[in-house]
Amino acid sequence: MNRRAGLRVAVLLAPALLVVVGLFGAGLGLGLLQSLGYQPYLEGWSWTTAAYTGLIDDRAVRASLVLTLRTSVLATAGAAILGLAVAMLVHSSRRGRRLLTAVLQVGLPVPHLVGALSMSLMLSQSGLLSRLTYAIGLTTSPSDFPALTEDRFGWAMLAEYLWKETPFVAVVALTALARGVAPLQDVAATLGASPWQRFRYVVLPLVTPAVGAASVVVLAFTFGSYEVPAVLGRPYPAPLSVVAYQRFTDTDLTVRPQAFALGVVLAVAVTALVAVYLRLLDRLGATR
Amino acid sequence: MRRAVGAPLLVTGLVVAVLTPLVLLAVWAVTETWRYPALWPQAFDDRALRVVTDPGSTILPGLVTSAGIAATVAVVSCAIGLAAGRALGLHTFPGRGLVRFALLAPVIVPGITVSLGIQVVFIRYHLTDTVHGVVLAHLIPATPYATLVLAAAYTRLDTAFEDQARVLGAGPLRVLLHVTLPALRPALTVALMLTFLISWNEYVLTLLIGGGSVSTLPLLLFSAIGSGDTSVAAALAMVVSIPPLLFVGVTARALTGPGAGRNDGRADPGMHPGAGATLAGLGRA
């Protein structure tokens, strides 16, 4: 590559790198520095790991980490499995496939905040589901119905993620399936493959790259999402993103560095989780 | 292909599960009273609809703010993406893998981490509580998607057409306007809509950088949810959802490709370039 072409590439990339390095990288780096005591534009700060030791001793943070991991992993696995199942169902239905694909796409672009509002109207103790269980005689009052919103487990959060992300994974899987899974399945069937073998060695390797990429996006999103737990969850235990925001806006300014530390924990944890997940997918995508 | 016996039932369940939450919002938007344990509202009215369409309310300015920010983010990020996408799609250069990796990082790392860290700089340069500060913040998630969608489109661009135009005496700007952009138009349309949507749906970056002074629709919706007036919150949710739904209406074909409804087993030649990145963007939005 000559110098002229190199210069051209550098000029073309410069604005994008300005955003990725100058805004994203700066935000990440400054978050890390501020979690370690650095205070730009202020005198008299010193390096310290107090924010991190404070988090380790904090029971709320431990509960938060467990909740975040559990919700995110369940949402990702659930959306991947359900999404693949939905895609195979839609793919195998002869009539109405076009219509079903369109229905799947309806929820895709709707903001998560809208989904969260809807889930609270569906799943709260006086919500639609509770009214349905009343109608069929399962419950007799709102308090009879289990608390699914603002609960310790985060059922409504999980439901919102699954409602939004299952169709997303399904649409991605459908585009992969549309690239000719049927003839391969027929060949496998002719050669005597059982339904399970056809799924494991034909369908799965074909859709794993697409479904895997989609569920990495789901994993990253659900791990760091703020507005869904802010609407559907409770202040304690709350996911890491919510705790980070709480500490950031706390009137007690001494806990503020903990907000940055939680941001760093979020970034490191989600990266590690994605790395583990990608390794797992490699194994699933293998043809034997 | 075989058809399972329970398939029609499963399909019905699927349609109900996908659509019920949205239908429920639409019903709540026109509800006057809907007391427990009724399964259907006792009385309907258009109060909530009048509240959200009242020109004197905060909703209309919020709509204008949201649309303005999202349109600016879409245009700027796609301009950036057109340049970077060209480098990634048409050139091989040392560090190309690293650039791709750097572009994926904002997709993985939560927005809250980045916005918490960068807020201090934005305060210093008087960018917090301003519309252009929020636009800058929204560029962080939008730029990678614009670049990835357009890079995929560039890999299919035949640069011989550009060379021909140059040989015939067209300047660089004319080549861009009359050759390159028309060739990239489908991908560019998708990239513009996708980045518009990412900005339109963004909540936490707007909250932390806008500081409550920049009231986009998601921020107004969040406070409406907190206020406890369910009908108004539901009506506002409809207002926030309509532009994204139009987006899917327009691009649905591009997303799944014209072959998605067929089963002829061939690879789909009409598959939109960058459809994978487009879908990934929707997963985030």
Part of a helix (DSSP H, G or I), in contact with a Gly (Cβ under 7 Å, 6 or more places away or on another chain), among the aliphatic types (A, V, I, L, M) and in the same structural domain as A:ALA75 (by TED's automatic domain parsing): which single residue out of A:VAL231, A:VAL255, A:VAL270, A:VAL274 fits that description?
A:VAL270
Please specify each residue of the range B:33-82 satisfying the condition of being part of a loop (DSSP other than H, G, I, E, B) and within 11 Å of another protein chain (Cβ to nearest Cβ).
B:TRP34, B:ARG35, B:TYR36, B:PRO37, B:ALA38, B:LEU39, B:TRP40
Report yes if A:ALA26 is surrounded by 14 or more Cβ atoms within 10 Å (Cβ to Cβ) and more than 8 Å from chain B (Cβ to nearest Cβ), otherwise no.
no
Filter the range B:153-178 down to the residues that are open to solvent by less than 30 Å² (accessible area, probe 1.4 Å), within 27 Å of the chain's Cα centre (by Cα) and either aliphatic (A, V, I, L, M) or modelled with pLDDT under 90 (or both) and list them by number.
B:ALA153, B:LEU157
It is to be established whether one or more residues within the range A:225-244 are open to solvent by 60 Å² or more (accessible area, probe 1.4 Å), out of contact with any strand residue (DSSP E or B) (no Cβ under 9 Å at 6 or more places or on another chain) and at the interface with another protein chain (Cβ under 7 Å from one of its Cβ atoms).
no
Just checking, does the range A:166-182 include any residue being in contact with a helix residue (DSSP H, G or I) (Cβ under 9 Å, 6 or more places away or on another chain), open to solvent by 30 Å² or more (accessible area, probe 1.4 Å) and under 24 Å from A:PRO209 (Cβ atoms)?
yes
Within the range B:193-235, the residues that are of a type outside the set (Ser, Thr, Tyr), open to solvent by 10 Å² or more (accessible area, probe 1.4 Å) and within 21 Å of B:ASP45 (Cβ to Cβ) are B:ALA224, B:ILE225, B:GLY228, B:ASP229, B:VAL232
Just need a number here: residues in the range B:210-238 that are closer than 25 Å to B:CYS78 by Cβ, more than 10 Å from chain A (Cβ to nearest Cβ) and part of a helix (DSSP H, G or I).
1
Could you tell me which of the residues B:VAL107, B:VAL99 is part of a helix (DSSP H, G or I), open to solvent by less than 40 Å² (accessible area, probe 1.4 Å), among the β-branched types (Val, Ile, Thr) and under 30 Å from A:PRO229 (Cβ atoms)?
B:VAL107
Within the bounds of the range A:32-50, is there any residue that is assigned to a helix (DSSP H, G or I), more than 14 Å from every other protein chain (Cβ to nearest Cβ), surrounded by 12 or more Cβ atoms within 10 Å (Cβ to Cβ) and touching a helix residue (DSSP H, G or I) at 6+ places or on another chain (Cβ under 8 Å)?
yes
Scope the range A:108-124; condition open to solvent by less than 10 Å² (accessible area, probe 1.4 Å) and either farther than 16 Å from A:GLY233 by Cβ or outside any helix (DSSP H, G or I) (or both); matching residues:
A:LEU108, A:PRO109, A:VAL110, A:PRO111, A:VAL114
Could you grab me the full set of residues in the range B:14-35 that are open to solvent by 60 Å² or more (accessible area, probe 1.4 Å) and touching a Pro at 6+ places or on another chain (Cβ under 8 Å)?
B:GLU32
So, of the residues in the range A:136-158 that are within 15 Å of the chain's Cα centre (by Cα) and either buried (at least 23 other Cβ atoms within 10 Å of the Cβ) or among the polar types (S, T, N, Q) (or both), which turns out to be nearest to the other protein chains (Cβ to nearest Cβ)?
A:ALA156
Quick test for you: out of A:ALA85, A:ALA63, pick the one residue that is closer than 30 Å to B:ALA224 by Cβ and among the aliphatic types (A, V, I, L, M).
A:ALA63
Quick one: what pairs do we get from the range A:55-77, first residue over 14 Å from A:VAL218 (Cα atoms), second small (Gly, Ala, Ser) and buried (at least 21 other Cβ atoms within 10 Å of the Cβ), C-beta under 9 Å, 6+ apart or different chains?
A:LEU55/A:ALA261; A:ASP58/A:SER64; A:ALA60/A:ALA238; A:ALA63/A:ALA238; A:SER64/A:ALA238; A:LEU67/A:GLY154; A:LEU67/A:GLY233; A:LEU67/A:ALA238
Flagged in the range A:164-184 as more than 9 Å from chain B (Cβ to nearest Cβ) and more than 16 Å from A:ALA77 (Cβ to Cβ), in numbering order, are A:ALA176, A:LEU177
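The values are calculated or read from the model by the stated rules, or taken from the named source; none is laboratory data. These numbers were taken from a predicted model, which means no experiment stands behind them. Cβ sites come from the backbone with ideal geometry, for glycine too, and all protein chains shown count toward neighbours. Accessible surface is based on the protein model in full, side chains and every heavy atom, while ligands, DNA and RNA are left aside. Shrake-Rupley method; radii C 1.70, N 1.55, O 1.52, S 1.80 Å.
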